[in-house]
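> Please find one structure pasted underneath; my questions will follow.
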Amino acid sequence: MIKSGGLWKGIQFRKHKYVGDPQNALRVFSEKMVDELVMLDIEATQENRGPDIDLIKRVANECYMPFAFGGGVKTVEDVGRVLRSGAEKVVIGTATVENPALIEQSANVYGRQSIVASIDYKQDLLGRKRVYIYSGKKRTKMDPLALAVEMEQRGAGEILVTSIMNEGSGKGLDIEFLKSVTQKVEIPVIGSGGVATIEDIVEGIEKSELSAVAVGSLVTFSGPHRSVLINYPTMPWLEE
Amino acid sequence: MKGIIVDLGINNIQSLQHKVARLGVQVEVAERATEIGRADFILLPGVGHFGEAMSRLRDRKIIETLENRVLSDSVPILGICLGMQLFSQVSQEGDVTGLGWIQAKTINLNSENKIIRIPHIGWARIKPVISGENLLLKDIEEKKRFYFVHSYHVKCEDSRDIVSTSVYEDVEFVSCIRKNNIYGTQFHPEKSHRDGMKVVWNFLHCAGLV
């Protein structure tokens, strides 16, 4: 029995290089009637630039479903700009570690439902999990579970948890860890990293008690065929 | 045929404009009374606080023009989300009076003696009400879902105004309304895929614009 209270599918759209129009890929996702789109500009934080407002506006023009935008969000003004440009939610990653007060400041002004805290993690050889920031390039000493708890306390509306090891591997979600997160926080947890099949999604929802699963691996503009993964049987099946 | 989207300065209107234009209908963004005074149809979108939105309507001095066009000239208007709530007489959000064009009050989803998580954010079905005007929902199958983001809902006192209802955590609320030339959706049609835009299309069609 799937907990369908807020079953929500997103697509993680990691933009490695802006080589042109996202219009086409967006159109494919719209065609597939995805519930929600997550768009992460992974270069923004490294390049020390703020959110790409023009891009957000263009996506808002073409996107017939809600979308969350992240990448380079550092200040409350950044959050405001992203929301006013047409995104429903803002995803905050690196700042969760470097400036966690941003979460509560933003939640107070814009409401916690607009704020998604994003946590990327890896496990080291000793089995310890550590949070990585700057799109997986910088290791911190933080424990991802502790960070998740802190994010809830500070006012995040949802938490997006990504296993860097699993991502792109197609070996499924890190079920055990995700379950430890959902057991510790009350806000919705979105699991990401490793999804290759519908069964992976179901497993995430049923075993880890996730509210949603983000799917999509590394989608490039030239490979819209990857969206075949998104062609889930949708509603009739999900009702079961 | 020219439409106007009322800009309350709160959020991205351009994307709605872009999407309506895609339906083949010309629509402009406006915040001044003179522009609204020339509209053949009006879209009133809204996100945010009821009190704040009413203030802005007042500050921009457009309430009178809106009333003339909508109530006297019968220009069709579609209120979206907060826009639909603004048609009511009063809202708990800020304890503020609304436009008062429909017999209804805007109240918190929480007030039905239940404590539920708000805001309601997500996809839900809409159930057409038999006695209501259903042309707004023409060709929309009952199992289709629409995207909602709201903490308040419109409680209609005249059931003839109710086009559809939806349910969130056991609370039933009005999701579409129609009173003569005044239409409203609590959901965001521009974020509800094809069926959402079909509802906008139906509004334009009902209003004799397409």
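> Sort out for me the Cα centre separation of segment B:1-24 from segment B:51-83, rounded to whole Å.
15 Å
> As a test, work out the antiparallel percent of DSSP beta bridges whose residues both lie in the protein assembly as shown, rounded to the nearest 5. Can you show the working numbers first?
Working: 31 of 77 bridges.
Approximately 40 percent, going by the DSSP bridge assignments.
> Could you let me know the centre-to-centre spacing of segment B:171-210 and segment A:128-188, using Cα atoms, in angstrom?
Cα centroid to Cα centroid, the span is 39 Å.
> What is the set of long-range amide H partners of B:G100 at a cut-off below 5 Å, with H atoms built 1.01 Å from backbone N?
B:S88, B:Q89
> How big is D for segment B:3-115, in µm² s⁻¹ as a whole number, if Stokes-Einstein is applied with the Kirkwood radius of its Cα pairs at 25 °C and 0.890 mPa s? Before the final figure, lay out the partial values.
Details: Rh = 14.5 Å.
Value of D from the Cα-based Kirkwood radius: 170 µm²/s.
> Would you kindly calculate the mean projected area, averaged across all directions, of the convex hull enclosing the Cα atoms of segment A:81-205, in square nanometres?
Working: hull surface 31.7 nm².
Hull-based average projected area comes out at 7.9 nm².
> Order of B:75-81, B:134-140, B:177-183, B:56-62 by packing, highest average Cβ count within 10 Å first?
Packing order, densest peptide first, comes out as B:75-81, B:177-183, B:134-140, B:56-62.
> Please report, in debye to the nearest 20, how large the charge dipole of chain B is about its Cα centre when each Lys and Arg carries +1 at its beta carbon and each Asp and Glu carries -1 there. Don't jump to the answer; show the numbers that get you there.
Working: 26 positive and 25 negative charges, 99 e Å.
Dipole about the Cα centre, nearest 20: 480 debye.
> Moving on to the next point. With N set to the number of residues, divide the alpha-carbon radius of gyration of segment A:35-86 by 2.2 N^0.38 Å and report two decimals. Spell out each step's value before the answer.
Details: Rg = 10.5 Å, N = 52, 2.2 N^0.38 = 9.9 Å.
Expressed relative to 2.2 N^0.38 Å, the Cα Rg reads 1.06.
> Taking a quarter of the surface of the convex hull around the Cα atoms of chain B, what do you get in nm²? It would help to have the intermediate numbers written out before the result.
Numbers: hull surface 41.2 nm².
With every direction weighted equally, the projected area is 10.3 nm².
> log₁₀ I(q)/I(0) of segment B:134-210 at q = 0.14, 0.17, 0.24, 0.28 Å⁻¹, via Debye over equal Cα point scatterers, no solvent, to two decimals?
Rounded to two decimals, the profile gives -0.43, -0.64, -1.26, -1.54.
> If you don't mind, another one. If you scale each eigenvalue of the Cα gyration tensor by 5 and take the root, what three semi-axes come out for segment B:80-127, rounded to whole angstrom and sorted largest first? Write out the running numbers ahead of the final one.
Working: eigenvalues 82, 43, 18 Å².
After scaling each eigenvalue by five and taking roots: 20, 15, 10 Å.
> Need one number: the % of Cα-Cα pairs in the protein assembly as shown sitting beyond the 41 Å mark. Please report the intermediate quantities before stating the final value.
Working: 16527 of 101025 pairs.
Percentage above 41 Å: 16.
> Could you tell me which of B:G100, B:S159, B:S175 has its Cα farthest along the dipole of chain B towards the positive end, charges placed at Cβ (Lys, Arg +1; Asp, Glu -1), taken about the Cα centre?
Result: B:S175.
> Could you give me the ³J(HN,Hα) list for segment B:65-73, computed from phi with Karplus coefficients 6.51, -1.76, 1.60 and θ = phi - 60°, whole Hz, x at Gly and Pro?
Residue by residue, segment B:65-73 yields 4, 4, 5, 4, 5, 7, 7, 8, 8 Hz.
> Grab the DSSP H runs of chain B that are 4 residues or longer, score each as -39,500 (n - 2.57), total them, divide by all residues and round the 222 nm result to the nearest 500 deg cm²/dmol. Show your work: numbers first, answer last.
Values: 6 runs with 47 residues, N = 210.
Roughly -6000 deg cm²/dmol at 222 nm, from the helical runs in chain B.
> While we're on this one: Calculate one ³J(HN,Hα) per residue across segment A:156-165 by plugging θ = phi - 60° into the Karplus curve 6.51 cos²θ - 1.76 cosθ + 1.60, and present them in order as whole Hz with x for glycine and proline.
Values, residue by residue: 5, x, 8, 10, 9, 10, 10, 8, 5, 5 Hz.
All of the numbers you see were taken from the coordinates with simple rules; none came from a lab. Bear in mind that the values here come from a model prediction, so they are computed numbers and not experimental data. Methodologically, a virtual Cβ is constructed for each residue, glycine included, from the backbone with ideal geometry; neighbour enumeration extends over all protein chains shown.
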